[in-house]
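FYI, it's all coordinate maths here, none of it is from the lab. Keep in mind that this is a model prediction, so the values were computed, not measured. All Cβ positions, even for glycine, are placed from backbone atoms using ideal geometry, and neighbour counts span all protein chains on display.
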Amino acid sequence: MSGLKAKLAERPKPAAAEVYEIDPLQDPRWVEFVRTHPDASVFHTRNWLSALRAEYGYLPSVFCTSRGGARITDAVVFCRIHSWLTGKRIVSLPFSDHCEPLVSSPECLDPILQRLRAELQAKGLKYLELRPINQGVGPNRGFRESSTYVWHSIDLSRTGKALFQSFDKDCVQRRIRRAERESLDYEVGNSEELLKRFFTLFVTTRRRHYLPPQPYSWFRHLSRAFGNQLQIRLISYKGRPISTTLTLAHAQTVAYKYGGSDARFNYLGATPLLFWRTIQEAQSQGFTRMDLGRSNLDSAGLIKFKENWGAQRRTLQYFQAGALTGFELGPAARFLRRLVCPVAPQWSLIALGNMLYRHLG
């Protein structure tokens, strides 16, 4: 037996897989890989990556185990962020609710993570952050939990009747019926005019939540990158826009990403009607899931809103490697946010967003 153990010990260990870096904005293999991978989301697409590049100057990159010309089988997409305010870091992926490592097994992820950690150390970066849904990235792989959120999605494979009956009777069903009796105008599309009206309501809502808005140019870049895969829905009352949403589509999933409303008209039920129209249209176009995005754990109202739609709830955890944790707003900054945002002129909030967001990805 000891002789057998000695022979086994003498066997060479399997060589670690080679890791290659590719440009997802240029390499045609990335588009096909994302199109066919079952775990790929809208955040993996070249559309999303090109908008990040155009607006914030982030350089998207991919580490994969397939040499040039070979079909990609395992990969992680990320951006290198260089900020004088929040430091140098690697994030997979900025402003993305989630970004699953696209690998065929947990073991195939190891060489890519080793390469990412090597770059973290070699270039003196602040930290590396991953935002997976399923793949285990925890302490056994040298990562620690950095943030925890709640993520919701709606199964659209049921009939429209079954879906409607799964909604909360008072908070959703009744309000949809109320809105359908009102004289509300509904528009859907991807035009500059719709984008402008969306942004006006979006800024109003961000102020209500004590936050500056993302730059208007960010939404313009998204609109141009996604084309008809981006849809703005808008409801108006007597010519006044009162509720709006922006959705992005990939494969069989439509993702609700941004929204806004005029709270003075909430009694009309325009926002529930917008979501119901989105669901109906998504079903008619063959989508099987609606991604409602992430929510902060302390956002009880938002979480309740999503669950009133019968959405499935999952815990979403981000993981970091490195000496320091991610950028956090301190108590003083949070106090100033609540003091300044509600009273600041709209132009100053927009200017603040234009300045800050490129540092916060």
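Based on the convex hull around the alpha carbon atoms, the chain presents an average projected area of 22.1 nm².
With R₀ set to 35 Å, the beta-carbon distance separating residue 188 from residue 105 gives a calculated FRET efficiency near 0.30.
With both labels modelled 7 Å from their Cα along Cα-to-Cβ, the residue 54 to residue 82 distance reads 2.3 nm.
When only C-alpha pairs under 8 Å and at least 6 residues apart count, what is the relative contact order of the chain, in percent? Mind dumping the intermediate values first?
Details: 606 pairs, mean separation 77.2, N = 361.
Computed over the chain, the figure is 21 percent.
Site pair residue 178 and residue 20 shows an inter-label distance of 5.9 nm when each label is modelled 7 Å from Cα along Cα→Cβ.
Can you pull the percent of Cα pairs in segment 20-142 with separation above 20 Å? Roughly 39 percent, rounded to a whole number. Counting only pairs 8 or more places apart or on different chains, how many lysine pairs in the chain have C-alpha atoms closer than 30 Å? Lysine pairs, 8 or more places apart or on different chains, close enough: 23. Restriction of the chymotrypsin sites (Phe, Trp or Tyr not before Pro) in segment 75-126 to DSSP coil positions whose beta-carbon has at most 11 other beta-carbons within 10 angstrom yields 84. Quick one: grab the alpha carbon gyration tensor of segment 185-224, order the square roots of its eigenvalues as a ≥ b ≥ c, and give me rounded if a/c is under 1.5, else prolate or oblate depending on whether a/b is larger than b/c. Oblate, since a/c reaches 1.5 and b/c is not below a/b.
Anisotropy class assigned to segment 152-315 is rounded, per the alpha carbon gyration tensor with a/c under the 1.5 cut-off.
What is the extension gain from residue 123 to residue 297, computed as 0.36 nm multiplied by their sequence separation minus the C-alpha to C-alpha distance, in nm to one decimal? Please list the in-between numbers first.
Values: separation 174, 0.36 × 174 = 62.64 nm, distance 3.36 nm.
Computed gain between residue 123 and residue 297 is 59.3 nm.
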